[in-house]
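Note sheet for the following structure.
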Amino acid sequence: MAKQLKPETLCVQAGWTPKKGEPRVLPIYQSTTFKYDTSEQMARLFDLEDSGYFYTRLQNPTNDAVAAKIAALEGGVAAMLTSSGQAANFYAIFNICQAGDHFVCSSAIYGGTFNLFGVTMKKLGIEVTFVSPDASEEELSAAFRPNTKALFGETISNPSLEVLDIEKFARVAHSHGVPLILDNTFPTPINCRPFEWGADIVVHSTTKYMDGHATSVGGCIVDSGNFDWDAYADKYPGLCTPDESYHGLTYTKAFGKGAYITKATAQLMRDLGSIPSPQNSFLLNLGLETLHLRMPQHCRNAQQIAEYLLKNEKVAWVNYCGLPDNKYYALAQKYMPNGSCGVISFGLKGGRDVSIKFMDALEIIAIVTHVADARSCVLHPASHTHRQMSDEQLLEAGVRPDLIRMSVGIENADDLIADIEQALNA
Ligand code: PLP
């Protein structure tokens, strides 16, 4: 599908263009395997000499159509779906890092990613250095080592809601000859397209706004095709030298701008196998068809609620980058002029215990371990998602102990405010 189409059209139509007599709606290819007429035809697929489907762990038409839609929305050249956002983040790094390598990462990231990078990947011999998203270019540069292979951050961090200065991070990454990988889950490509600001690879937990209805856990990696791996061939032997597990094929030579995603699919997915089910990809696609309608409503509602909370005397503090006095307001206006996301964080006077009582009194807004759903919900990260982190790590990740994360849905804002008010008075 042509790239110049607008996001609204891409949300509805990209990825699946039926030919004569084919289903109008993306079909669910719920099949593990695909039939061929000759052994030779199948052999050519295994050698990556022909493209075609043979086993769903490697590729499936439903999954590929949805990946293509997300690639089109981000303005990338190729994408791969994964079974979760965690898998997407793991593969995005593991595709270019091996034991003995290092990467630099903003400390303001989702707790699960912080643990994956800081604890689990360390066990695989891959080290990370966390840096403040507000670090100067000199401070960021100081974290790089000769074996550093990537710089990673979240466009808007979960749950601390810090807005990354994408151009600054891209400049530093490129000055060290490494790609900038951004988790763009919270703004989605409707509100921010990081490739336009210099990011090289984008990852998503599609579980969030992209699905939007809390039906399917999933993830996605999108490659801009802009990073020149061959210019730093010594750093990226996995992409730039022959892969013995694939008959000596060199990904950059064989696939050009598609090298990174082809390697992730043909090697990592082949070996580690975290694919989404085609059924889940079908549901994700339904979500994507209305992403452009839902995001503005999430943002409008969140703005209204943030402004209400700011004026309420029972509220100690409010963090939302759409508020003019917010530390990240200017960055949000620059990178996301049409709105950021529907997630707000705040604390109540009286601290942690009062915050928990308030949450228990809510009626429409539910306590769930989720965010970025059509239905409004709340969570107390220090007791829930981030409970494995020490107080020091919590503060490093920008999470205050009294922080309530409210994911504002697409209901009527007045109804949500009435619910908040009755819970504050309870
Ligand atoms: N990235 C971000 C920004 C997230 O908020 C999350 C989950 O909350 C993840 C990644 C992990 O995604 P998943 O829960 O789909 O594995």
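Listed by position, the strands (runs of 3 or more DSSP E) inside the range 173-275 whose residues that are farther than 21 Å from Gln59 by Cβ number at least 3 are 180-183.
Against the conditions (1) over 30 Å from Ile190 (Cα atoms); (2) surrounded by 13 or more Cβ atoms within 10 Å (Cβ to Cβ), Thr32 satisfies every one except (2). Could you list, in sequence order, the residues of the range 340-349 that are over 11 Å from Tyr320 (Cα atoms) and either hydrophobic (A, V, I, L, M, F, W, C) or open to solvent by less than 80 Å² (accessible area, probe 1.4 Å) (or both)? Matches in the range 340-349: Gly347, Leu348.
In the range 35-59, the residues that are over 16 Å from Met80 (Cβ atoms) reach residues that are open to solvent by 80 Å² or more (accessible area, probe 1.4 Å) with C-beta atoms within less than 6 angstrom, at least six apart or across chains, in these pairs: Asp47/His247; Asp50/Arg44. For the range 353-373, taking the residues that are within 16 Å of the ligand (Cβ to nearest atom), surrounded by 17 or more Cβ atoms within 10 Å (Cβ to Cβ) and of a type in the set (A, V, I, L, M), the one that is modelled with the lowest pLDDT is identified as Val371. How many of the residues in the range 98-118 are within 15 Å of the ligand (Cβ to nearest atom) and not small (Gly, Ala, Ser)? Number of matching residues: 8. If only residues of the range 360-378 that are part of a strand (DSSP E or B) and in contact with a helix residue (DSSP H, G or I) (Cβ under 8 Å, 6 or more places away or on another chain) are counted, the one that is farthest from Asn191 (Cα to Cα) is Ile367.
The residues of the range 84-97 that are in contact with a helix residue (DSSP H, G or I) (Cβ under 7 Å, 6 or more places away or on another chain) and either more than 16 Å from the ligand (Cβ to nearest atom) or of a type in the set (Phe, Trp, Tyr) (or both), listed by number, are Phe90, Tyr91, Phe94, Asn95, Ile96. Scanning the range 7-29 for residues that are touching a helix residue (DSSP H, G or I) at 6+ places or on another chain (Cβ under 6 Å) and hydroxyl-bearing (Ser, Thr, Tyr) returns a single hit, Tyr29. Just so you know, in the range 195-215 the residues that are surrounded by 24 or more Cβ atoms within 10 Å (Cβ to Cβ) and of a type in the set (A, V, I, L, M) include one that is nearest to the ligand (Cβ to nearest atom), and it is Val203.
The values are calculated or read from the model by the stated rules, or taken from the named source; none is laboratory data. Here the structure is a predicted model, which is why all the values come from computation and not from measurement. All Cβ positions, even for glycine, are placed from backbone atoms using ideal geometry, and neighbour counts span all protein chains on display. Just the protein is used for accessible areas: all its heavy atoms, side chains included, with ligands, DNA and RNA removed. Shrake-Rupley method; radii C 1.70, N 1.55, O 1.52, S 1.80 Å.
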